[in-house]
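Participant: After the structure tokens below, expect a handful of questions from me.
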Amino acid sequence: MKLKYLGTAAAEAVPAPFCRCGVCERAREKGGRNVRTRSQALLDGRLLIDFPADTYLHALREGLRLYDISSCIITHCHSDHLYPGDLWCLISYAAHGKERPFNLYGTGAVLEMVKAQCEDLEQIIKEGGLCLHEIRPFEPFEAEGYRITALKADHGAPESVVYALEDPEGKAMLYAHDTGLLPGESLEYIKKSGIKFSLVSYDCTNGLLEHGERNHMGLNADIKLRDMLRELGAIGEGCVHVVNHFSHNGGGAGYDEMEPAARERDFLTSYDGLEVEF
Ligand SMILES: [Zn+2]
Ligand SMILES: [Zn+2]
Ligand SMILES: [Zn+2]
């Protein structure tokens, strides 16, 4: 499997548009990996994870042909993960030559948000531009050849989930954004399923702050979650551990401060454009 991080920030991005804090000002000065757009990832070039407003920017920057990507799974209905307004671009006169519908998978809360905020939705669906699929925690479904299971997250948006994804060769990854330490139900499910992850992507919104295990995590909670997953037997040999989804409120850490601290504890630090093969 190959995971490409398209956007790696929390809701306000780094630098945040109206912010003069040290992290944001340093990101403006230094640029490069210190600049982060809103959260999105692409698995094996064919499955999108989340659909923020920065999707358009990601497509331009990475040269993505979005008309060739037919499936997208949504974690939850915060604006850095779902921006329904741009799904309107699937309407026939804005998407010439698009042959297959765009399949969007999300919980009831996600689909409600799409229905409320995407203009001309009925027409787009009738024309075959968009297909909405309601998913539920702990009920695996298939998309793009993956077996995908939503697991309950500990997060402040209704019906937030994280995803376990398995490919036909038996590789698996856990995409754990946005969440605090996973709820017992989700850990129990992972244990029972016998799944062994080759990559785990950990929420790290709190960065180097010492506290924070609920709603979001920081490096300390990530270490704790990794230990919990190990204890369940869910970490495969050679598993890659990535910290991702950063904010300017993470104890003053931009990429340049985060990376050495994370490396010392055997985590990769994500940045926009990072590609990991596992
Ligand atoms: Zn987020
Ligand atoms: Zn800031
Ligand atoms: Zn969120």
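Participant: Hey, with R₀ at 41 Å, roughly what FRET efficiency would E169 and A94 work out to, going by the Cβ-Cβ distance, to 0.05?
Facilitator: Details: r = 37 Å, r/R0 = 0.90.
Efficiency computed from Cβ-Cβ geometry: 0.65.
Participant: A further question follows. Cα-Cα pairs above 27 Å in the chain: how many percent?
Facilitator: Values: 13465 of 38503 pairs.
Result for the distance tail: 35 percent.
Participant: Let me ask you something else. Could you tell me the calculated FRET efficiency between L208 and E185, based on Cβ-Cβ distance and R0 = 41 angstrom, to the nearest 0.05? Numbers along the way, then the final one.
Facilitator: On the way: r = 29 Å, r/R0 = 0.72.
Once rounded, the FRET efficiency stands at 0.90.
Participant: Continuing with this model, one more query. Carbon and sulfur atoms: what percent of the 1.4 Å accessible area of region 107-151 do they account for?
Facilitator: On the way: 1030 of 2330 Å².
It is 44 percent, rounded to a whole number.
Participant: If you don't mind, there's one more thing I want to ask. What distance in nm separates the simple spin-label points at A11 and E277, each placed 7 Å from Cα in the Cβ direction?
Facilitator: 3.8
Participant: Provide the FRET efficiency to the nearest 0.05 for the E29-D68 pair, computing r from the beta carbons and using R0 = 35 Å.
Facilitator: 0.40
Participant: At a 4.7 angstrom Cβ threshold, list every cysteine in the chain that has nobody to pair with, or say none.
Facilitator: Cys with no partner Cβ under 4.7 Å: C21, C72, C77, C89, C118, C131, C204, C239.
Participant: Of all the accessible heavy-atom surface of region 1-64, with the other protein chains kept in place and a 1.4 Å probe, what percent is carbon and sulfur?
Facilitator: Reported share for carbon and sulfur atoms: 55 percent.
Participant: Could you please report the charge total around Y189, scoring K, R as +1 and D, E as -1 over all other residues with beta-carbon less than 11 angstrom from its beta-carbon? Walk me through the numbers on the way to the answer.
Facilitator: Numbers: positive: K152, K191, K192; negative: E139, E185, E188.
Charge balance near Y189 sits at 0.
Participant: Under a 10 Å cutoff between Cα atoms, tell me which one of L232, L174, L199 has the largest fluctuation in the Gaussian network model of the chain.
Facilitator: L232
Participant: Next up: With the chain treated as a Gaussian network of Cα nodes joined by springs under 10 Å, which of F18, F102, F138 yields the largest mean-square fluctuation?
Facilitator: The residue with the greatest mean-square fluctuation here is F18.
Participant: Using a 1.4 Å probe on the protein heavy atoms, what percent of the accessible area of region 165-240 belongs to carbon and sulfur?
Facilitator: That share works out to 47 percent.
Participant: If packing is taken as the average count of other Cβ atoms within 10 Å, what order do 71-82, 22-33 fall into, highest mean first? Numbers along the way, then the final one.
Facilitator: On the way: 71-82: 23.5, 22-33: 15.7.
Descending mean neighbour count gives 71-82, 22-33.
Participant: Any idea how far apart F141 and R230 come out in nm if each label point goes 7 Å out from Cα toward Cβ?
Facilitator: Placing both labels 7 Å along Cα→Cβ, they lie 3.5 nm apart.
Participant: Which value in nm describes the separation of the simple spin-label points at K126 and D44, placed 7 Å from the Cα toward the beta carbon?
Facilitator: Label-label distance for K126 and D44, simple model: 3.6 nm.
Participant: Now a separate question. Under unit Cβ charges (Lys, Arg +1; Asp, Glu -1), what dipole magnitude, rounded to 20 debye, does region 134-278 have relative to its Cα centre? All intermediate terms of the calculation are to be shown ahead of the outcome.
Facilitator: Numbers: 13 positive and 27 negative charges, 94 e Å.
Once rounded to the nearest 20, the dipole reads 460 debye.
Participant: Mind putting a number on the dipole of the chain about its Cα centre? Charges go on the C-beta only, +1 for Lys and Arg and -1 for Asp and Glu, and I need it in Debye to the nearest 20. It would help to have the intermediate numbers written out before the result.
Facilitator: Working: 29 positive and 43 negative charges, 52 e Å.
Once rounded to the nearest 20, the dipole reads 260 debye.
Participant: Leaving out ligands and nucleic acids, and using a 1.4 Å probe, what accessible area per residue does the chain come to in Å²? Write down the numbers at each step before the final one.
Facilitator: Numbers: 12190 Å² over 278 residues.
Spelled out: the 1.4 Å probe surface of the chain, per residue, equals 44 Å².
Participant: Follow-up. Under 22 Å from the Cα of K192, which lysines turn up, not counting those fewer than eight places away in the same chain?
Facilitator: Here the lysines satisfying the reach criterion relative to K192 are K152, K171, K224.
The values are calculated or read from the model by the stated rules, or taken from the named source; none is laboratory data. Since this is a predicted model, take the numbers as computed values, not measurements. Here Cβ is always computed from backbone atoms with ideal geometry, including for glycine, and neighbour counts include all displayed protein chains. Side chains are part of the model used for accessible areas, which takes the heavy atoms of the whole protein and leaves out ligands, DNA and RNA. Shrake-Rupley method; radii C 1.70, N 1.55, O 1.52, S 1.80 Å.
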